[in-house]
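Okay, structure first, notes after.
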Amino acid sequence: MIHPTIESFICSDVSSLMIPADDVASVISTHTLSHGLLVLSQVKYSMIPVLSPKSQLVGLISMPLIINAAVTIDSIDIERLDTLKISDVMRTDVKMLPLDTPFELILRDLIDHNFICVIDPCQNNEFLGLITRREILKRLNHLVHKLSTDSTIIEQIEQLQHALSL
């Protein structure tokens, strides 16, 4: 369990960690793969959320998923990008959590995921935004540097290390 004081130092509330949906590149499931390719080529993310026309989180799409859909045994069929929909190739195994998820669970899940999609389960999984591993690491970096400047805390850690090594 993470001590509440440490948790509050890292984030006052989980929403402060989140990139809001309006600031996240996403596509609609009914868009073509060519549209998805265009969006992905313009953003710094390797994978982006796929939303339903009603802003519900339904999947994730990446450049490799799109390109693999156009590859045949002996060529690349670019025309498929204009006929296939994002829903035809998207991943549906999305890590998603409600906004009220405890910080400790978010931290645990970010070990295995670059980002976690935040949803509102009361609104049929409406997409609220993302929590990224990068944001957590920035805050942990800040915490470690703050702790490193406090000699009392350093002494206590050293005493604890010594006690544990006995």
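Bear in mind that the values in this text are calculations on the coordinates, not laboratory data. What you see is a predicted model, and the numbers here were worked out from it, not measured in a lab. Cβ atoms come from the backbone with ideal geometry, glycine included; neighbour counts cover every protein chain shown.
Of note:
- 20 °C / 1.002 mPa s Stokes-Einstein diffusion coefficient of segment 74-157, Kirkwood radius on C-alpha pairs, µm²/s: 130
- A dipole drawn for the chain from +1 and -1 charges on Cβ atoms has a positive end, and of L57, I2, Q156 the residue lying farthest that way is L57.
- Couplings 3J(HN,Hα) for segment 43-58, derived from phi with the Karplus relation 6.51 cos²θ - 1.76 cosθ + 1.60 (θ = phi - 60°), are 10, 8, 8, 8, 8, 9, x, 10, 10, 6, x, 9, 6, 8, 6, 10 Hz, where x marks Gly and Pro.
- At 0.890 mPa s and 25 °C, Stokes D of the chain from Kirkwood alpha-carbon radius, µm² per second: 134
- Packing, taken as the mean count of other beta carbons within 10 Å per residue, orders the peptides 141-151, 123-133, 39-49 from highest to lowest as 123-133, 39-49, 141-151.
- Derived scalar couplings ³J(HN,Hα) [segment 116-131; Karplus, 6.51 cos²θ - 1.76 cosθ + 1.60; whole Hz; x for Gly, Pro]: 10, 7, 9, 10, 10, x, 6, 10, 6, 6, 4, 6, 9, x, 10, 10
- Relative contact order for the chain, counting Cα pairs under 8 Å that sit 6 or more residues apart, in percent: 24
- Here is how the number arises for the chain: DSSP H runs of 4 or more residues each give -39500 (n - 2.57), the sum is divided by the residue count, and the result at 222 nm is -12000 deg cm²/dmol.
- Think of each Lys and Arg Cβ as +1 and each Asp and Glu Cβ as -1; about the Cα centre, that makes the dipole of the chain roughly 180 debye.
- Only helices reaching 20 angstrom along their own axis (Cα) with mean Kyte-Doolittle hydropathy no lower than -0.5 count here, and for the DSSP H runs of the chain these are 151-165.
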